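Accompanying notes for the structure given below.
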Amino acid sequence: MPLSSSPSSTVSGVSVPTAPLLSSPTWLRWLGLGLLAVLGFTLMLDLSQWLQTCQTLILGPVLLPLVTSLFTIPTNPSPLILFWPTVVFVLLTQALIYLSPRPNRWSRALIIAIVSAFLLRYLVWRLGFSLNFDNALNGGFSLLLLVAESVGLASTLIQFLLLPHSRDRQREADIYSQAVLTGQYQPTVDVLIPTHNEPVFILKRTIIACQALDYTPKTIYVLDDGGRPEIEQLCQKLGCYYLAYPDNHQAKGGNLNFGLRHTQGELIAVFDADFVPTRNFLTRTVGFFQQENLALVQTPQSFYNADPIATNLGLAGQLTSEEESFYRQIQPMKDGARSVLCAGTSFVMRRQALERIGGFDTDSLSEDYFTGIRLSAEGYDLAYLDEKLSAGLAAESISTHLMQRLRWGQGTLQAFFIQANPLTIPGLNWRQRLAHLEGLLNWFGVLPRVCFLLIPFLYAVFGIVPLRVTAAEAFYFFVPYYCLQLSTFHWLNYRSRSIFLSELYALVSFFPVSITVVQTLLNPFGKKFNVTPKGLLRKRYRYDYQLAFPVIIFLLITLLSLYWITTDAYGKGHFNLSIVWGCFNLLFLTAALNAFLDVPKVDFYTWLTVQKPVTLLFPQGLVSGEVVKISEKGAELRLKTPTLPQNTFELVFTETALQLPAKALAQYPERDGSRLSIEFAPLSLEQERQLIEFLFCQPGTWPYRQSPGELGSLELILKSLLRPWQIHRQNHLLSRDRLPQLGQ
């Protein structure tokens, strides 16, 4: 039965709720938010005075001496006293990490307990000893900074509470898949591929990969909400079903619900138009549905191209994708709390459960997220299998990258305005709500970042001191907690992301995301669903000044603040935390600016770095070599011979039966042979299938990679600052000249 009482439409007997509308005008909400902000800050000024009075009259005579003995340090302490918590416990955690290179239940629980103890120690010190109530203005900003900092600390504490219960379902998949492989359990599966404006060559890749799935009772459907004749012709050519969504006002959720009207499989697998599954996707996931109460199996999103931030910084081959830590650490954590997040692609769902909740959610832009919440609220189980069984195309420019994040943020925060709000919807337990609260707090975490960036400026210009801290106190209370975070964060998320890289990525998007958060709270349904453009080309470098402008402003503010602080009387004679704070901001803001320079992209196709043995067949004989890079249009080979008998040949992949006609484009001498650039001759449909299956569909094609640790990340960030953009240009033009005709 539908969970929503809002107006709904009916699709093949499935009740599809429509999005609710808010009646109050936008200007009134802006006015209300402004009044609340003024009132809140005024209350903080009053609260600071009240807390000072309580501290003097009530806490002082009774509790303050006891707390002071625990959370203050002696006068003129020695370096040994200041640094022993940091040194001892960092060494202890590193010893635990050495004994347990991969987090397991006991090692993760021990390290979380240690870091949590120092987090709480730091929090008590912040609450009781670092707030500055010298005057109302300092007191107000001191509390404002504490609130901003508490948002991030609350999210961290929730993660620490839930992480020990993380689940790993790979052994379950091994067991359940046996019934699928032997044919004992093979329910019918409808594979749905929703598409809006993706190019034909991208969609073609996905359809062919879905047809190559090692699972017989499956049917492939392309759900086109654009009604494009070329997509219908593609489906006829490839031999799959084409369904045109006549009314796309409900975006992707409506398109998927329309697909339900024409399908009848027991299970539904969904892949975005640019996501390519490996052959074993269904054999690894379908077996879980032998559990009668299971409604969803979600797998991670991985990508076969680098995200634009890594690409623009010249670090494409050295960084993992931004989403890695979510799928390696957060999703298993949510699975342990029975609150797996449906990610919109690369999942399998039980039709009966979906129909029971009224179909895919259409109340928000995040139809995937709220569909999963409604399934959980109905009492169904959701599972997350942490295996890379598909790969998609990451955003190809910094603007489309941020467009995607803004849509995710708006869709998630619409939770507060629909009935599927995970904090209030009936049917969820406290652990599930806590896990979803952590996800919501993650979006609000961008607002405090604005505050953190402005603190040095407020200190330099207005003399506002929100923290009352000495150098000794900073080393004794702040440094231990921060060093423990730095030394364990990378390990806790399975080496998928470092704190420094997370900070850099956050600074690239903090301002537009902050605006989106505020706009969503004021006008949650003001923006429509925008599909991320794919298949982009750029002949030149392009700097996105519009997106970079806020970062430039904050960078200038930081520079001026540092200048004023170092020359003004405020900073003389005592430890000045604002200098350290400002230098940290300066480094990462400068690095973030480089991310807005989109590098040229002269080829539609993504080039994959591989090492596979090949043989070149000529009438005169054979030449052995190795593939270095390859796409659907050509390849770059390393050969042991400096010359070729002729320019046309058959390229045979030694490990498979794949044989493709090819033509040499250019050959460059190397120390032990030569480097050869080739393009494939026009391929038959069967050869295209074989090539796509070879490139994208083999099990294990997308292995997990390790992100650099904190020191390695800091080194890469510094290199991105020092590396001149001319080097990027020269490297890219060299690659383009080697393959002058590919993708044209």
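The table below lists the values:
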{"quantity": "Those residues of region 616-646 which are at pLDDT below 90 and assigned to a loop (DSSP other than H, G, I, E, B), in sequence order", "calculated": "P619, Q620, K640, T641, P642, T643, L644, P645, Q646"}
{"quantity": "Among the residues listed as L423, L467, L434, the single one being surrounded by 20 or more Cβ atoms within 10 Å (Cβ to Cβ) and hydrophobic (A, V, I, L, M, F, W, C)", "calculated": "L467"}
{"quantity": "Residue among V297, V276, V270 that alone is open to solvent by less than 50 Å² (accessible area, probe 1.4 Å), under 21 Å from the mean Cα position of the chain (by Cα), touching a residue at least 12 places away in the same chain (Cβ under 8 Å) and closer than 30 Å to S713 by Cβ", "calculated": "V276"}
{"quantity": "Of the criteria (1) outside any helix (DSSP H, G or I); (2) under 25 Å from the mean Cα position of the chain (by Cα), which one Q186 fails", "calculated": "(2)"}
{"quantity": "Hits in region 713-744 (condition: modelled with pLDDT under 85, surrounded by fewer than 16 Cβ atoms within 10 Å (Cβ to Cβ) and either among the acidic types (D, E) or in a loop (DSSP other than H, G, I, E, B) (or both))", "calculated": "R723, P724, D737, P740, Q741, Q744"}
{"quantity": "Looking only at region 627-647, and only at residues there that are open to solvent by 30 Å² or more (accessible area, probe 1.4 Å) and of a type in the set (V, I, T), the one that is farthest from G317 (Cα to Cα)", "calculated": "T643"}
{"quantity": "Filter pass, T285 being closer than 19 Å to T182 by Cα and buried (at least 23 other Cβ atoms within 10 Å of the Cβ)", "calculated": "yes"}
{"quantity": "Residues satisfying the stated conditions in region 679-712, i.e. within 35 Å of the chain's Cα centre (by Cα), small (G, A, S) and loosely packed, with under 14 Cβ neighbours inside 10 Å", "calculated": "G700"}
{"quantity": "Total residues in region 158-170, condition part of a helix (DSSP H, G or I) and either of a type in the set (S, T, N, Q) or within 20 Å of the chain's Cα centre (by Cα) (or both)", "calculated": "6"}
{"quantity": "Check on L587, open to solvent by 20 Å² or more (accessible area, probe 1.4 Å) and of a type in the set (A, V, I, L, M)", "calculated": "yes"}
{"quantity": "Check on D247, without any contact (Cβ under 8 Å) to a residue 24 or more places away in the chain, open to solvent by 40 Å² or more (accessible area, probe 1.4 Å) and within 28 Å of V531 (Cβ to Cβ)", "calculated": "yes"}
{"quantity": "Those residues of region 124-140 which are open to solvent by 40 Å² or more (accessible area, probe 1.4 Å) and within 35 Å of the chain's Cα centre (by Cα), in sequence order", "calculated": "V124, L127"}
{"quantity": "Residue in region 196-212 that is among the basic types (K, R), touching a residue at least 60 places away in the same chain (Cβ under 8 Å) and open to solvent by less than 20 Å² (accessible area, probe 1.4 Å) present", "calculated": "yes"}
{"quantity": "Selection from region 648-678 of residues that are open to solvent by 60 Å² or more (accessible area, probe 1.4 Å), modelled with pLDDT of 90 or more and not charged (D, E, K, R)", "calculated": "T648, Q659"}
{"quantity": "Residue match in region 584-593 (condition: more than 24 Å from the chain's Cα centre (by Cα) and modelled with pLDDT of 90 or more)", "calculated": "yes"}
{"quantity": "Only listed residue being under 27 Å from G358 (Cβ atoms) and open to solvent by 40 Å² or more (accessible area, probe 1.4 Å), chosen from F444, F417, F457, F452", "calculated": "F417"}
{"quantity": "Residue in region 220-229 that is modelled with pLDDT under 95, open to solvent by 30 Å² or more (accessible area, probe 1.4 Å) and closer than 15 Å to D190 by Cβ present", "calculated": "no"}
{"quantity": "Single condition F596 does not satisfy, out of (1) open to solvent by 20 Å² or more (accessible area, probe 1.4 Å); (2) under 30 Å from R449 (Cβ atoms); (3) modelled with pLDDT of 90 or more", "calculated": "(1)"}
{"quantity": "Where a residue in region 485-497 is within 15 Å of P164 (Cβ to Cβ) and its partner, wherever it lies, is part of a helix (DSSP H, G or I) and of a type in the set (S, T, Y), with Cβ under 6 Å and at least six apart", "calculated": "T488/T93; N493/S325"}
{"quantity": "Hey, S624 of a type in the set (S, T, N, Q), crowded, with 17+ Cβ neighbours inside 10 Å and touching a Pro at 6+ places or on another chain (Cβ under 9 Å) or not", "calculated": "no"}
{"quantity": "R102 being of a type in the set (K, R), open to solvent by less than 40 Å² (accessible area, probe 1.4 Å), under 30 Å from T285 (Cβ atoms) and under 32 Å from the mean Cα position of the chain (by Cα)", "calculated": "no"}
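Rundown of residues vs (1) open to solvent by less than 10 Å² (accessible area, probe 1.4 Å); (2) basic (K, R); (3) more than 24 Å from W443 (Cβ to Cβ), yes/no style:
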position: E323; (1), (2), (3): no, no, no
position: Q329; (1), (2), (3): no, no, no
position: V340; (1), (2), (3): yes, no, no
position: L354; (1), (2), (3): yes, no, yes
position: L365; (1), (2), (3): no, no, no
position: E378; (1), (2), (3): no, no, yes
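The values are calculated or read from the model by the stated rules, or taken from the named source; none is laboratory data. What you see is a predicted model, and the numbers here were worked out from it, not measured in a lab. FYI the Cβ positions are ideal-geometry reconstructions off the backbone, even for glycines, and counts take in every protein chain you see. Ligands, DNA and RNA are excluded from the accessible area calculation, which covers all protein heavy atoms including side chains. Shrake-Rupley method; radii C 1.70, N 1.55, O 1.52, S 1.80 Å.
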